[in-house]
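The values are calculated or read from the model by the stated rules, or taken from the named source; none is laboratory data. Just so it is clear, the model here is predicted, and its values are computed rather than measured. Note that we place each Cβ from the backbone using ideal geometry, even for glycine, and neighbour counts take in every protein chain shown.
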Ligand code: FES
């Protein structure tokens, strides 16, 4: 009779260990987001009227995950709006700095460069052109 509690203790210990392992996996999940998401469009993406991007300014196309800056009349640059740290989409641009809401990285939206970590890799550039007054970004643009 005294042997019964021992197996039960063993089972409980196993459950606690499994729970701890589960937490470990969850804590690492943000690191793998970038591997699953597509940071760059695989087909050309229409972004609407080019004049929506002010000269000397920029615009965040959050749904398309693209940032377009316009350093001068007729000159456009596009970058991925997906943070290179763990793959969150930038949420706003303030004074030409793109902000990541997840861990606070900031990027220069005129160059893609990292201004503040934890991200260390610049935002990838995306080809962009104007067609009939509308911006088209992505491959073949
Ligand atoms: S995902 Fe971590 S700072 Fe952007």
- line: Log entry, pairs with first residue in the stretch 76-95 being at positive phi, second being more than 10 Å from the ligand (Cβ to nearest atom), beta carbons closer than 9 Å, six or more apart or on different chains, reads 87/32; 87/35; 87/36; 87/37; 87/39
message: Quick check on my filter: what residues within the stretch 131-141 are surrounded by 15 or more Cβ atoms within 10 Å (Cβ to Cβ) and in contact with a helix residue (DSSP H, G or I) (Cβ under 7 Å, 6 or more places away or on another chain)?
response: 135
task: Could you pull out the residue among 115, 60 that is over 19 Å from residue 41 (Cβ atoms), outside any loop (DSSP other than H, G, I, E, B) and either within 16 Å of the ligand (Cβ to nearest atom) or modelled with pLDDT under 95 (or both)?
output: 115
